[in-house]
Amino acid sequence: MHVLIVEDDDSIAEPLSKGLERQGFSVRRESTGLGAIDALASDGHVDVILLDLGLPDIDGYEVCRRVRTTATTPIIVLTARGDEIDRVLGLELGADDYMVKPFGFRELVARMNAVTRRAQVTSDTSNDSIALDGGVEIDPRTRRVVVNGTEVQLTRKEFDLLRLLATDPGATHTREDILEQVWDAHWYGPTKTLDVHIASLRKKIGDPGLIETVRGVGFRLRTATPIATEPPP
Ligand code: CA
């Protein structure tokens, strides 16, 4: 597995890269955000990115954002503060996971395996496009979503969320299940992140009723457009 470590602090990056190399990982290290962007552009083969937030040039948030405009490479953010987590995994950034410093090496390796496995699963499952109610179409292969012929731009998490709901339209997916599958099994953070993504998806799709809220449980997709009832004469 090829790992890109983006970290300006040698006292963290050195032992980290040595440890990962000992475990058989192939490691490339960058100490600036722009260096990381360049590295990704020139050397496409990176399976997972370990990204520090506080970098000397552009910060980790910006790196995340720029990477996501072109690549879906899994990103694990290395942060010193737990309260940054919501922002890290939030709407536009699209990081896959985070570790709060100081972190355990074994746990990091486990998470790296988890995010790469998940990335594999998302790219491997059926590539047939899925037609939903309300003229919404999902193309898993290109990760594009078209609503009545017009493409809508979704973030990585928004897409994964819609795709998950679309695996079984009409079935209710519990909040826990969604958080586990789209975010991660160890996500115990504020679940408002999920609501924020649902709200944003509804807005982008322009058909707020397509994603139905099952109060206290979770969400499901509407399977048939309700027929407008004629008012009684
Ligand atoms: Ca730093």
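Taking every residue in the range 25-37 that is closer than 15 Å to Pro15 by Cβ and hydrophobic (A, V, I, L, M, F, W, C) and pairing it with any residue that is in a helix (DSSP H, G or I) and open to solvent by 50 Å² or more (accessible area, probe 1.4 Å), at least 6 positions away or on another chain, the pairs with Cβ-Cβ distances below 7 Å are Val27/Glu21. Would you confirm whether or not the range 152-163 contains a residue that is over 27 Å from Thr69 (Cα atoms) and either crowded, with 19+ Cβ neighbours inside 10 Å or at pLDDT below 90 (or both)? Taking every residue of the range 152-163 in turn, none turns out to be over 27 Å from Thr69 (Cα atoms) and either crowded, with 19+ Cβ neighbours inside 10 Å or at pLDDT below 90 (or both). Within the range 47-80, the set of residues being at pLDDT below 85 and part of a helix (DSSP H, G or I) comprises Arg68, Thr69, Thr70.
Here's the yes/no breakdown for (1) more than 16 Å from the ligand (Cβ to nearest atom); (2) basic (Lys, Arg); (3) surrounded by 18 or more Cβ atoms within 10 Å (Cβ to Cβ):
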| residue | (1), (2), (3) |
| --- | --- |
| Leu50 | no, no, yes |
| Leu53 | no, no, yes |
| Arg65 | yes, yes, no |
| Ala71 | yes, no, no |
| Thr79 | no, no, yes |
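Just one of the numbered conditions (1) closer than 30 Å to Asp168 by Cα; (2) modelled with pLDDT under 85 is not true of Asp133: (2). Counting only residues that are open to solvent by 70 Å² or more (accessible area, probe 1.4 Å) and either at pLDDT 85 or above or outside any helix (DSSP H, G or I) (or both), the range 81-104 holds 3 of them.
Evaluating Ser11 against the criteria (1) within 13 Å of the ligand (Cβ to nearest atom); (2) among the hydroxyl-bearing types (Ser, Thr, Tyr); (3) at pLDDT below 90 leaves one unmet condition, (3). Filter the range 37-46 down to residues that are outside any helix (DSSP H, G or I) and open to solvent by 50 Å² or more (accessible area, probe 1.4 Å) and give me whichever is modelled with the highest pLDDT. Restricting to residues being outside any helix (DSSP H, G or I) and open to solvent by 50 Å² or more (accessible area, probe 1.4 Å), the top hit is His45. Restricted to the range 137-167, and to residues there that are in contact (Cβ under 8 Å) with a residue 60 or more places away in the chain and assigned to a loop (DSSP other than H, G, I, E, B), the residue that is nearest to Ile178 (Cα to Cα) is Thr155. The set of residues in the range 14-36 being part of a helix (DSSP H, G or I) and either within 13 Å of the ligand (Cβ to nearest atom) or open to solvent by less than 50 Å² (accessible area, probe 1.4 Å) (or both) consists of Leu16, Ser17, Gly19, Leu20, Gly33, Gly35, Ala36.
The values are calculated or read from the model by the stated rules, or taken from the named source; none is laboratory data. The model shown is predicted, which means the values in this text are computed figures rather than measured ones. Cβ: placed from backbone, ideal geometry, glycine included. Neighbour counts: every protein chain shown. We work out accessible area using only protein heavy atoms, side chains counted, and drop any ligands, DNA or RNA first. Shrake-Rupley method; radii C 1.70, N 1.55, O 1.52, S 1.80 Å.
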